[in-house]
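Student: My structure is below; once you've seen it, I'll send some questions.
We did not get these values from a lab; they are worked out from the coordinates using the rules stated. Everything quoted here is computed from the prediction, not taken from an experiment. Here Cβ is always computed from backbone atoms with ideal geometry, including for glycine, and neighbour counts include all displayed protein chains.
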Ligand SMILES: Cc1ncc(C[n+]2csc(CCOP(=O)(O)OP(=O)(O)O)c2C)c(N)n1
Ligand SMILES: [Mg+2]
């Protein structure tokens, strides 16, 4: 366990009262109380903002960029400065630019595959910026924005998609685990890790990212059960981007996803996943619960996958343009820009400089990908076992003999 912290986690039987979403054990913080409300609520958070049949959606910035008050979550972003807001905007713009560059590189044959995050920038940057350095992240394969917030160099994300390495970064370098393709499995890894954090007495938290489709996996159900029963300090951050490749959310669930948490005995909340401020606030609240020994939380970030599932997918086969257009009006970057402009928090110079920075990032990414060396053929045998294994040795020797059998062999690797 690499998490270090001196503060002892306040873990108590009272904390487990979170099974009803009650505020017991939360030292009277507002968050516990809201947990109860959210868990059971079927009414909208903001009267009149939604049709009464629609579930609650936490929103702090409207699609037009207007800041709306929210008694439950305002305190979590109370200290945010104009500079912070520009920082969030910059994060989202650069992440989108990096993502577009990666998509283009795949089209040029430089990458084998790419899974775009287009449209999900606010969910990822908001939640990513809510984290502390000593928190630990278990991503799926689309969390390029969270990786950015963790300080993972974006070019490192591309190695696996180019097929030159098996991951590309040291998970413990930034407390950001390797991408996980087997959907949902990382929620179990996160739960186990969080149980370890609790045993260490650390006050850091763990966050697991997964999708609406992954929510149907048995692994996710098991991780919900385990984390609830063991009161593990983990936040389940579900980006409901409405699609699991070609399957719509209706094929995954008959209730809004965040309501699933209630059945496991911990709070669930649906946040506007295209609202970076709301995602920041709600994730901070959920992380605070984890640190306070109040156990897991499910955050459902309601968002939209604007692009294809991956570069191998053609969404026109299963969904219409109207849907995408409706979500374009809720674009996460546009709404923060509107807010910055309306509040005079950013001038033209800021946007121009950012555009130049985006260009420079794109160039750096292109050059780095093209310069990536081909892998050592024998690297595949490394890191299989901590102390080596006879069978791996045998397979390595067989492979060496095979390589050497070619006429132009250069004596192995
Ligand atoms: C266990 C498992 N089953 C099936 C797949 C194939 N698969 C890859 S992505 C995906 C859909 C995932 O959808 P979702 O969880 O909503 O995440 P999103 O891609 O929308 O971010 C599927 C079925 C897989 N990778 N792992
Ligand atoms: Mg999805």
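Student: Using only the Cα atoms of the range 14-370, each taken as one equal point scatterer with no solvent, compute I(q) by the Debye sum, divide by I(0), and report log10 of the ratio at q = 0.09, 0.12 Å⁻¹.
Tutor: Each listed q maps to, in turn, -0.46, -0.84.
Student: Could you tell me how many degrees, from 0 to 90 and to the nearest 10, lie between the Cα long axis of helix 348-370 and the main elongation axis, the longest principal axis, of the Cα atoms of the chain?
Tutor: 30 degrees
Student: OK, next. Listing 95, 155 from the residue with the fewest other Cβ atoms within 10 Å to the one with the most, what is the order? Can you show the working numbers first?
Tutor: Numbers: 95 26, 155 19.
The fewest-first ordering by Cβ neighbours comes to 155, 95.
Student: Need one number: % antiparallel among DSSP beta bridges in the range 105-263, to the nearest 5.
Tutor: Working: 2 of 12 bridges.
Among the beta bridges of the range 105-263, antiparallel pairing accounts for roughly 15 percent.
Student: The range 343-407 to the range 108-143: how many Å between their Cα centroids?
Tutor: Spelled out, the Cα-based centre of one part sits 17 Å from the other.
Student: Given a Förster radius of 45 Å and the C-beta distance between residue 200 and residue 321 as r, what FRET efficiency does 1/(1 + (r/R0)^6) yield to the nearest 0.05? Mind dumping the intermediate values first?
Tutor: Numbers: r = 51 Å, r/R0 = 1.12.
Calculated value: 0.35.
Student: Which of rounded, prolate or oblate describes the range 239-363 when judged by the alpha-carbon gyration tensor and an a/c cut-off of 1.5?
Tutor: Values: a/c = 2.24, a/b = 1.22, b/c = 1.83.
Cα axes put the range 239-363 in the oblate bin.
Student: Next question, about the same structure. Suppose R0 equals 45 Å; then what is the FRET efficiency for residue 225 and residue 100 from their Cβ-Cβ distance, rounded to the nearest 0.05? Kindly include the intermediate steps, with their values, before the conclusion.
Tutor: Values: r = 39 Å, r/R0 = 0.88.
Rounded to the nearest 0.05, the efficiency is 0.70.
Student: Calculate the FRET efficiency for residue 172 and residue 376 from the Cβ-Cβ distance with a Förster distance of 30 Å, rounded to the nearest 0.05. Let's see the in-between values first.
Tutor: Numbers: r = 22 Å, r/R0 = 0.75.
So, using R0 = 30 Å, E works out to roughly 0.85.
Student: Calculate, in nm to one decimal, what residue 386 and residue 255 gain on full extension: separation in residues at 0.36 nm each, minus their alpha carbon distance. Write down the numbers at each step before the final one.
Tutor: Details: separation 131, 0.36 × 131 = 47.16 nm, distance 4.40 nm.
Residue separation times 0.36 nm, minus the Cα-Cα distance, leaves 42.8 nm.
Student: Angle, helix 390-404 long axis vs. longest principal axis of the chain, Cα atoms, 0 to 90°, nearest 10?
Tutor: Compared with the principal axis, the helix lies near 50 degrees.
Student: What angle do you read, to the nearest 10 degrees and between 0 and 90, between the alpha-carbon axis of helix 332-342 and the longest principal axis of the chain?
Tutor: Approximately 50 degrees, to the nearest ten.
Student: A further question on this structure: Quick check on the chain: helices-only [θ] at 222 nm, where DSSP H runs of length 4 and up contribute -39,500 (n - 2.57) each and the sum goes over total residues. Nearest 500, please.
Tutor: On the way: 14 runs with 168 residues, N = 413.
About -12500 deg cm²/dmol.
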